[in-house]
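Notes to accompany the following structure.
The values are calculated or read from the model by the stated rules, or taken from the named source; none is laboratory data. Quick caveat, the model's predicted, so the values are computed rather than measured. Quick reminder, even Gly has a Cβ in these numbers, built from the backbone with ideal geometry, and neighbours come from all protein chains shown. The protein model used for the area step is the full one, side chains on, heavy atoms only, and it has no ligands, DNA or RNA in it. Shrake-Rupley method; radii C 1.70, N 1.55, O 1.52, S 1.80 Å.
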Amino acid sequence: MINAEKLLYESVQKALVELYSLSTATITFQKTRKEFEGDFTLVTFAFTKETKKAPEQLGKELGEFLLHHNPAIAAYSVVKGFLNLSLSNAFWLTYFNAIKDLTDIGHQKENSSGKTIMLEYSSPNTNKPLHLGHVRNNLLGFSVAQILKANGHTVVKTNLVNDRGIHICKSMLAWQKFGHGETPQSAGLKGDHLVGKYYVEFDKAYKKQIEEHIAKGISKEEAEKTAPLMLEAQEMLRQWETGNTEVVKLWKTMNDWVYEGFAVTYKTLGVDFDKMYYESNTYLLGKEVVQEGLHKNVFFKKENGSIAIDLSADGLDEKIVLRSDGTSVYVTQDLGTAIERFKEFPGLEQLIYTVGNEQDYHFKVLFKILEKLGYTWAKECYHLSYGMVELPEGKMKSREGTVVDADELLQEMYDTAEATTKDLGKVEGFTEAELDELYRLVSLGALKYFILKVDPKKKMMFDPKESIDFNGHTGPFIQYTHARIKSVLRKASDMVHSDIPGIELNAIEKEIIKSIYDFESVVTEAGQFYSPALIANYTYELTKLYNRFYHEFSILKEENNDVKNFRLQLSKASAQVLSNGMALLGIKVPERM
RNA sequence: GGUCCCAUAGCUCAGCUGGAUAGAGCACCGGUUUUCUAAACCGGCGGCCCUUGGUUCGAAUCCAAGUGGGGCUACCA
């Protein structure tokens, strides 16, 4: 592939050697800011010391040299210490001809890097439906998987379902006590919502019991531990662990309800997994690892019989890895699961956990312990940590019902997409099925883009009172532009696909080609930083650029056939890049809207 | 207390790995359609880039301290 920076780099390197005998300088280019003439900029301040020349003088001499030694450089200008270089019209046209028909532009062939990466995401609890926080997790995980594939890696998407534990027993107990045999069918509720309802019920009844105890003069802490409901839930968990048939049966029934519900939400969101893990199968893993660590003196036994590791030398604290009663804690399971995965996939080169930043500390501990145990792959474990979605009132809490429910949000988005589309009245001739498909596409485009355009590391604000926009810096804006291009292409029956001859590019056409040129490096960068936001913001820039071009210049009515044909092909290539970029976000683009 | 993260326009966010006059969208005000989709385009309004020091030819960006906000600091998961 044609690489402009490399071309310039070699020329500048040569110039520095020949003009100033300077061979050790580090040369980097940046894109020329749009208020100046040029494509790439070399900052000459960096070389003033070694050459003992003023920045402007340096710029002129270098510019002059480059102009005469590199035919791809058409012009230069010097502003203060900035040498702005313009590549020739011919250079950009050659580049465009090389890429204009690529349908996989920006996407390397999957597995071309030979690297296999496991990416875990979603990992829900089976005691409540998914909310907006989970939506961010799912969209982020899915998108990062797409981006890593586009960078040539093989990606195994996994979901580790938290299907057991005290929180699950809480829903089960509340259903048993207050449910009167209610089922998703009888209640007319999605299974996950039904189970979630009883999780909230439990919390209500539990809080009431605590209050009653406190009224009797018992301390809050004591009341929380001794409330009958809590004791019953704990007893239920013990029975589950011993395999009590009745408890296990109830557990299976209610979990199945939840899975049916999740399946619907996952399908709507358009996310999927290559391999499912269930905590009910993995929660005992890691106990042998503890023994192994004890042998190696990585862990030590405390007086009360629990086993711990001292990480204070690494800036962390002491951490229990096995309780005094011999049962495992969270980190025990994660140790076991990680080791199991590397055994199961011997070629695995990286293990990524998509989990919120509230668990930053947990993963630091986990990776440090793996390292201490001598697993060399520990450094290939990565916590893809993302910020919380916050409401104006603060954090979402499932127990207290202060959450934005995923299914409700998706339905609201769908309704808005339908209403907006009908208002605009541009869907004549669409069948009912096509309309449904369009509403899904647009509503999901709006939601996904809204979430993914924000840097994953940062927390984000969501105000349920202000609906997600369909205008401006949004998914539908990009989808619309794609549909608009497709509309033009449908009308261009006489489009020729041969290479573009030497026409003169106007400023904005050149900008679009340059923007397309950037796509590949943006995909690489997004892969390095695990950041769909880079892709989102890139596609937006290209879209804005195209819309300005579309508004200022006629395509179909252009009289010069070469120019017309070029504009058609430029449009086609732009649509392709937008489509490929959006695909990396898990967003589909329509042919018409 | 310890530790980690965050702070940019009224609001939501870009600007990460130092560079030229700090950018978008929304909101608000105004304009563009006999022409390829107006979910669009153009213009206006709007900034002590939290504060103070430091490094540098150059700092929103790097370093230090402070202020404000949030997370974590369980023999819960």
Any residue in the stretch A:1-26 that is touching a residue at least 40 places away in the same chain (Cβ under 8 Å) sitting within a Cβ distance under 9 Å of a residue that is part of a helix (DSSP H, G or I) and of a type in the set (Gly, Ala, Ser)? List the pairs, counting only those 6 or more apart or interchain. A:Met1/A:Ala98; A:Ile2/A:Ala98
The one condition A:Thr41 fails out of (1) more than 33 Å from the chain's Cα centre (by Cα); (2) surrounded by 14 or more Cβ atoms within 10 Å (Cβ to Cβ) is (1)
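Yes/no matrix, rows are residues, columns are (1) in contact (Cβ under 8 Å) with a residue 40 or more places away in the chain; (2) surrounded by 14 or more Cβ atoms within 10 Å (Cβ to Cβ); (3) in a helix (DSSP H, G or I); (4) among the hydrophobic types (A, V, I, L, M, F, W, C):
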position	(1), (2), (3), (4)
A:Trp240	yes, yes, yes, yes
A:Glu246	no, no, yes, no
A:Leu250	yes, yes, yes, yes
A:Asn255	yes, yes, yes, no
A:Tyr259	yes, yes, yes, no
Please specify each residue of the stretch A:29-38 satisfying the condition of being near RNA strand B (Cβ under 7 Å from one of its atoms), more than 16 Å from A:Ser515 (Cβ to Cβ) and open to solvent by less than 100 Å² (accessible area, probe 1.4 Å). A:Phe36
Before we move on, is A:Ala583 under 30 Å from A:Leu447 (Cα atoms), within 9 Å of RNA strand B (Cβ to nearest atom), at pLDDT 95 or above and among the aliphatic types (A, V, I, L, M)? no
Which listed residue is away from RNA strand B (no atom under 16 Å from the Cβ) and crowded, with 22+ Cβ neighbours inside 10 Å, from A:Ala174, A:Ala205: A:Ala174
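Condition check ((1) over 29 Å from A:Gln146 (Cα atoms); (2) of a type in the set (Asp, Glu)) across all residues:
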residue: A:Ala483; (1), (2): no, no
residue: A:Lys491; (1), (2): yes, no
residue: A:Met495; (1), (2): yes, no
residue: A:Glu509; (1), (2): yes, yes
residue: A:Ile512; (1), (2): no, no
residue: A:Thr524; (1), (2): no, no
residue: A:Leu542; (1), (2): no, no
residue: A:Tyr550; (1), (2): yes, no
residue: A:Phe553; (1), (2): yes, no
Scanning the stretch A:381-414 residue by residue, those farther than 22 Å from A:Leu452 by Cβ and either open to solvent by 50 Å² or more (accessible area, probe 1.4 Å) or among the small types (Gly, Ala, Ser) (or both) turn out to be A:Glu393, A:Gly394, A:Lys397, A:Ser398, A:Arg399, A:Glu400, A:Gly401, A:Thr402
Please indicate, with yes or no, whether at least one residue in the stretch A:494-516 is under 23 Å from A:Arg136 (Cα atoms), at pLDDT 95 or above and crowded, with 20+ Cβ neighbours inside 10 Å. no
If you go through the stretch A:341-370 one residue at a time, how many are closer than 21 Å to A:Tyr530 by Cβ and open to solvent by 60 Å² or more (accessible area, probe 1.4 Å)? 5
